[in-house]
Amino acid sequence: MTELEKMQRGERYFINDPQLVEIRHNVRDNVDRYNALGHREVVQQQALLKAIFAVIGEDVHVEKNLRVDYGLNTRIGSHVFINFDFVLLDCAPVTIGNHVFIGPNVQLFTAHHPLEPQVRAQHIGWAEPIVLCDNVWIAGGCTLLPGVTIGENSTVGAGSVVTRSVPPNVVACGNPCRVLRRLA
């Protein structure tokens, strides 16, 4: 099994495997090109987004500066708006549903690193998926950690650190993020 396959299955893998390094270099080159485009260069922007991500739906708008680790593990639905300074460490699958709004300075981290310094020094990692269901709003400055799902129609308040999944139809916020109220 390749290190890429191990990574995508959530198993421990060697982060600096040459194939993984090459994938990261290629996607980061495309991300740099995307970030360098003018705001009116919409056709070129859409072409690069299709090159960066595994799947990208219709009517997807991503502001600059974008930062992406792999891209090939991320599926973005339709009618999605991603605001400035989005960071996506997609070592595991990331699914962004339809009609999702993501505020500025949001970070999605699927990657884990060992707590033991000796193992961490060997550049070993593993990852867990992140899912943003349909009609989700992630407000500015949020950080989502590995393995979380944000349920359909939910809102995560600004500055939240999401360490556990958020159920559908709620408003949640804080550090750690917790449900504040149910939506009608």
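Brief remarks follow.
- Within the listed set Pro93, Pro146, Pro168, the residue fluctuating most in the Gaussian network model of the chain (springs between alpha-carbon atoms under 10 angstrom) is Pro168.
- Shape call, the chain: gyration tensor on alpha carbons, a/c limit 1.5: oblate
- Neighbour net charge for Ile96 - beta-carbon separation under 12 angstrom, K R +1, D E -1: -1
- For region 66-124, averaging the sequence separation of C-alpha pairs within contact (under 8 Å, six or more residues apart) and dividing by the residue count gives a relative contact order of 33 percent.
- Look at the dipole of the chain built from charges on Cβ: of Ala121, Val171, Ala139, the Cα furthest out on the positive end belongs to Val171.
- Evaluated at q = 0.12, 0.18, 0.21 Å⁻¹, a Debye calculation over the C-alpha positions of region 88-179 (equal weights, vacuum) places log10 I(q)/I(0) at -0.36, -0.72, -0.92.
- When Val161, Val166 are sorted by how many other C-beta atoms sit within 10 angstrom of their C-beta, beginning with the fewest, the order is Val161, Val166.
- Computed over the chain, relative contact order equals 14 percent, with contacts defined as Cα pairs under 8 Å that lie 6+ residues apart.
- Most mobile of Arg12, Arg40, Arg164 in a GNM of the chain (Cα contacts under 10 Å): Arg40
- Separation of the Ala36 and Glu22 label points, Cα + 7 Å toward Cβ, nm: 2.3
- When +1 charges are put on Lys and Arg Cβ atoms and -1 charges on Asp and Glu Cβ atoms, the dipole computed for region 1-148 relative to its Cα centre reaches about 120 debye.
- Helix-only CD estimate at 222 nm, as mean residue ellipticity for the chain, using -39500 (n - 2.57) per DSSP H run (n ≥ 4): -6500 deg cm²/dmol
Bear in mind these aren't lab numbers, they're just calculated from the coordinates by the rules spelled out. The structure presented is a predicted model; accordingly, all values stated were derived computationally and were not measured. With ideal geometry, Cβ positions are generated from the backbone for all residues, glycine too; neighbour counts draw on all protein chains shown.
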